[in-house]
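Trainee: Please read through the structure below; I'll follow up with questions.
The values are calculated or read from the model by the stated rules, or taken from the named source; none is laboratory data. No experiment lies behind these values; they were computed from the predicted model shown. Cβ placement follows ideal geometry from the backbone for every residue including glycine, while neighbour counts extend to all protein chains displayed. Areas reflect the complete protein model, heavy atoms only, side chains present, ligands, DNA and RNA absent. Shrake-Rupley method; radii C 1.70, N 1.55, O 1.52, S 1.80 Å.
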Amino acid sequence: MTVTIYGIKTCDTMKKARNWLDARGIAYRFHDYKAEGIDAASLKRWVDALGWETVLNRAGTTFRALPDADKQDLDAEKAIALMLAQPSMIKRPLLDRDGQFTAGFKPDVYETLF
């Protein structure tokens, strides 16, 4: 199984997810989209699989700081554009297990995945 975990190195939730994987000896590749960037094709795959409402982190400070006009009339296309412009708005972590995607980290959910 190929596992890639996407996120930001300094995010506390990312640290918890990576520690969880490490503690269980699960091999994975970490993709820091602050350092490595993220492409529209990846975001579209995630949005197609999970829905833009799940992939776009509307609870984060980056989204909340947006002008109201940017937050209105959201749809998949607009959400992807926002996340491309500011990857901090992508829900973290985003886990890719052989093309099966999971957004966020909850230990009990990860237990069912591995």
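Trainee: Which of the residues belonging to the stretch 41-70 are more than 21 Å from ARG97 (Cα to Cα) and either open to solvent by 30 Å² or more (accessible area, probe 1.4 Å) or of a type in the set (Phe, Trp, Tyr) (or both)?
Mentor: ARG58, ALA59, THR61, THR62, PHE63, ARG64, ALA65, PRO67, ASP68, ALA69, ASP70
Trainee: Can you run down the residue pairs with Cβ atoms below 6 Å, 6 or more apart or on separate chains, where the first is in the stretch 50-69 and in contact (Cβ under 8 Å) with a residue 12 or more places away in the chain and the partner is part of a helix (DSSP H, G or I) and aromatic (Phe, Trp, Tyr)?
Mentor: Every condition considered, the pairs that remain are VAL55/TRP46.
Trainee: What are the residues in the stretch 58-106 that are part of a helix (DSSP H, G or I) and among the polar types (S, T, N, Q), if any?
Mentor: THR61, THR62, SER88
Trainee: Could you tell me which residue of the stretch 89-100 is modelled with the lowest pLDDT, considering only residues that are surrounded by fewer than 18 Cβ atoms within 10 Å (Cβ to Cβ) and touching a helix residue (DSSP H, G or I) at 6+ places or on another chain (Cβ under 9 Å)?
Mentor: GLY99
Trainee: Of everything in the stretch 16-33, what is open to solvent by 20 Å² or more (accessible area, probe 1.4 Å) and under 18 Å from ALA59 (Cβ atoms)? Give them in sequence order.
Mentor: LYS16
Trainee: Right, here's the next one. Please go through the stretch 22-41 and give me each residue that is part of a helix (DSSP H, G or I) and either in contact (Cβ under 8 Å) with a residue 40 or more places away in the chain or under 23 Å from ALA85 (Cβ atoms) (or both), ordered by number.
Mentor: Passing the criteria: ALA40, ALA41.
Trainee: Would you be able to tell me the number of residues in the stretch 43-70 that are touching a strand residue (DSSP E or B) at 6+ places or on another chain (Cβ under 8 Å) and hydroxyl-bearing (Ser, Thr, Tyr)?
Mentor: 1
Trainee: THR4 - would you say it is of a type in the set (Val, Ile, Thr) and at pLDDT below 95?
Mentor: Considered against the rule, which asks whether it is of a type in the set (Val, Ile, Thr) and at pLDDT below 95, THR4 comes out as no.
Trainee: Further question: Name, by its number, the condition in (1) under 22 Å from LEU21 (Cβ atoms); (2) loosely packed, with under 11 Cβ neighbours inside 10 Å that does not hold for ASP73.
Mentor: In the conditions (1) under 22 Å from LEU21 (Cβ atoms); (2) loosely packed, with under 11 Cβ neighbours inside 10 Å, ASP73 misses (1) alone.
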